[in-house]
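The structure appears below as structure tokens.
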Amino acid sequence: MKTDLIDALDAIEKERRINKEILIEAIESSLISAYKRNFGSTANVKVNLDRETGEIRVFSSKQVVEEVEDAAVQMSLEEAQKINEYYEPGDVIEEEVTPQSFGRIAAQIAKQVVMQRIREAERGVIFEEYIEKEDEVLTAVVQRVEKNNVYVELGRTEGLLSSSDMIPGEKYSVNDRLKVYVLEVKRTNKGPQVIVSRTHPGLVKRLFEFEVPEIQDGIVQVKSIAREAGFRTKIAVYSNDDQVDPVGACVGQRGIRVENVVQELNGEKIDIIKWSQDPAEYIANALGPARVIMVHINEQEKSSKVVVPDNQLSLAIGKEGQNARLAAKLTGWKIDIKSHAQSQRTLFETFDAGEEEPVDPYLEKFGLGAGEDDE
């Protein structure tokens, strides 16, 4: 029976990955309470569970004193020296006080306490496992849909996908498989709570890491991401190798890599642009697919004025301003977009009478004369 206990603890350690020593300490602690409760003891006792045999023994500790004030925790010098003549005041004597019926009684009382400690230890193991998965992407299976929340299975625990972290328009059904981004892992009384997201920009980044070996190898870097989940994402990439095109690497042969990401995001549009250390070039790239004629930078205000061809203005701004908004978020710069015609009007409105007709700097920069097509 005693060795059965050790065998059971070994099995729990193996199957549930809970350190056996944690369980033994929990058992010893619960047995101390069981002893004091059942035998009305106020003595200083400790319980020892043999790690090899499973034998349980209870020991009472008493301090040697000249005059006994509390017999439960003290022993007179005279009594102590009957045991061993070398005992002196201040020494501590341990006596075994294991009752014959203690094993059966203690097992009944301690069972609930031990099981609770096992659950707590298991929750701790799960928490430590999933706290390391923060900012990672996991494959989840939809378990149930309740009001505005979706609960997903993540392996050893459950994840919560709240309405604010759902892609607009996505529908979820039980047993659906989907990729989720781990936002946060919290400790709760019921165990770890894993908060997951389908809208976080980190989801897009991790999906590209899965699809693009050059990102995994560190050749291509994801510098920035701006996302309006369910609609459009802009991702800026840079290559540490002049021989590797970062945009081409992310797009993949015949667009297979980016298409895999798009499918996982249910058709969300993705613009992959080349990052540049030059703010003007970076902003121009970020406004793609619109073509940019000129970018004027104000370093102090971290703002820019951008000129695009007349027929590209609506494309540069995007539907409801989305393209411009994402470009500003991606680059971290304020962006004011004007068409070429608008920029010319502004230029001539500030022209003082009597001066020579001003030269359009935007056309001059690109070698175009007045009246030439700016396409």
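The values are calculated or read from the model by the stated rules, or taken from the named source; none is laboratory data. Keep in mind that this is a model prediction, so the values were computed, not measured. Backbone-built Cβ (ideal geometry, glycine too); neighbour counts: all protein chains shown.
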Filter pass, TYR130 being of a type in the set (Phe, Trp, Tyr) and part of a strand (DSSP E or B):
no
Contact list, first residue from the range 39-51 and aromatic (Phe, Trp, Tyr) and outside any loop (DSSP other than H, G, I, E, B), second anywhere and buried (at least 19 other Cβ atoms within 10 Å of the Cβ) and at pLDDT below 85, beta-carbon distance below 9 Å, six or more apart or interchain, is PHE39/PHE102
Checking the structure you have, find out if any residue of the range 35-53 is β-branched (Val, Ile, Thr), surrounded by 17 or more Cβ atoms within 10 Å (Cβ to Cβ), under 29 Å from LYS190 (Cβ atoms) and outside the structural domain of THR157 (by TED's automatic domain parsing).
no
Regarding the range 326-337, can at least one residue be identified that is more than 30 Å from ARG177 (Cα to Cα), surrounded by fewer than 18 Cβ atoms within 10 Å (Cβ to Cβ) and free of Cβ contacts under 8 Å to residues at least 24 places away in the same chain? no
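Residue by residue, here is whether (1) surrounded by fewer than 15 Cβ atoms within 10 Å (Cβ to Cβ); (2) without any contact (Cβ under 8 Å) to a residue 40 or more places away in the chain; (3) not aliphatic (A, V, I, L, M) holds:
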{"residue": "GLU95", "(1), (2), (3)": "yes, yes, yes"}
{"residue": "GLN108", "(1), (2), (3)": "yes, yes, yes"}
{"residue": "LYS111", "(1), (2), (3)": "yes, yes, yes"}
{"residue": "VAL114", "(1), (2), (3)": "no, no, no"}
{"residue": "GLY124", "(1), (2), (3)": "no, yes, yes"}
{"residue": "GLU128", "(1), (2), (3)": "yes, yes, yes"}
Residue pairs qualifying under the 7 Å Cβ cut-off, at least six apart or on distinct chains, with the first in the range 252-273 being among the small types (Gly, Ala, Ser) and the second being not in a loop (DSSP other than H, G, I, E, B), are GLY252/VAL258
The correct count of residues that are closer than 22 Å to ALA327 by Cβ and outside any loop (DSSP other than H, G, I, E, B) in the range 198-214 is 7
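Which residue is farthest from THR3 (Cα to Cα), if the candidates are limited to the range 52-65 and must be of a type in the set (D, E, K, R) and not in a loop (DSSP other than H, G, I, E, B)?
LYS62
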Is it the case that some residue within the range 82-96 is out of contact with any strand residue (DSSP E or B) (no Cβ under 8 Å at 6 or more places or on another chain), among the polar types (S, T, N, Q), more than 30 Å from SER61 (Cα to Cα) and outside any strand (DSSP E or B)?
no
Across the range 197-254, the tally of residues that are under 20 Å from GLY332 (Cβ atoms) and of a type in the set (Asp, Glu) stands at 1
Residue set ILE215, ILE195, ILE235, ILE256; condition in contact with a Gly (Cβ under 8 Å, 6 or more places away or on another chain) and under 24 Å from LEU138 (Cβ atoms); output residue ILE195
Scanning the range 71-93 residue by residue, those surrounded by 15 or more Cβ atoms within 10 Å (Cβ to Cβ), of a type in the set (A, V, I, L, M) and in contact (Cβ under 8 Å) with a residue 24 or more places away in the chain turn out to be VAL73, ILE93
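Going residue by residue through the range 141-164, is there one that turns out to be closer than 28 Å to GLU25 by Cα and either assigned to a loop (DSSP other than H, G, I, E, B) or at pLDDT 95 or above (or both)? Break it down stepwise before answering.
Step one: filter the range 141-164 for residues closer than 28 Å to GLU25 by Cα, giving 156-157.
Then drop every residue that is not either assigned to a loop (DSSP other than H, G, I, E, B) or at pLDDT 95 or above (or both), which leaves 156-157.
Checking the range 141-164: at least one residue is closer than 28 Å to GLU25 by Cα and either assigned to a loop (DSSP other than H, G, I, E, B) or at pLDDT 95 or above (or both).
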For the range 172-191 the number of residues that are in a loop (DSSP other than H, G, I, E, B) and over 15 Å from ALA140 (Cβ atoms) is 5
Quick check, is VAL68 outside any loop (DSSP other than H, G, I, E, B) and either assigned by TED's automatic domain parsing to the domain that holds MET115 or in contact (Cβ under 8 Å) with a residue 40 or more places away in the chain (or both)? no
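Based on this model, can you work out whether VAL194 counts as under 24 Å from LEU287 (Cα atoms), β-branched (Val, Ile, Thr) and buried (at least 19 other Cβ atoms within 10 Å of the Cβ)?
On the way: under 24 Å from LEU287 (Cα atoms): no; β-branched (Val, Ile, Thr): yes; buried (at least 19 other Cβ atoms within 10 Å of the Cβ): yes.
It is false that VAL194 is under 24 Å from LEU287 (Cα atoms), β-branched (Val, Ile, Thr) and buried (at least 19 other Cβ atoms within 10 Å of the Cβ).
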Flagged pairs (Cβ under 8 angstrom, 6 or more apart or on separate chains; first in the range 10-33, under 14 Å from ARG119 (Cα atoms); second among the small types (Gly, Ala, Ser) and in a helix (DSSP H, G or I)) are ILE18/ALA121; ASN19/ALA121; ILE22/ALA121; LEU23/ALA121; ALA26/ALA121; ILE27/ALA110
Sole miss for ARG156 among (1) closer than 30 Å to GLU21 by Cβ; (2) basic (Lys, Arg); (3) loosely packed, with under 13 Cβ neighbours inside 10 Å is condition (3)
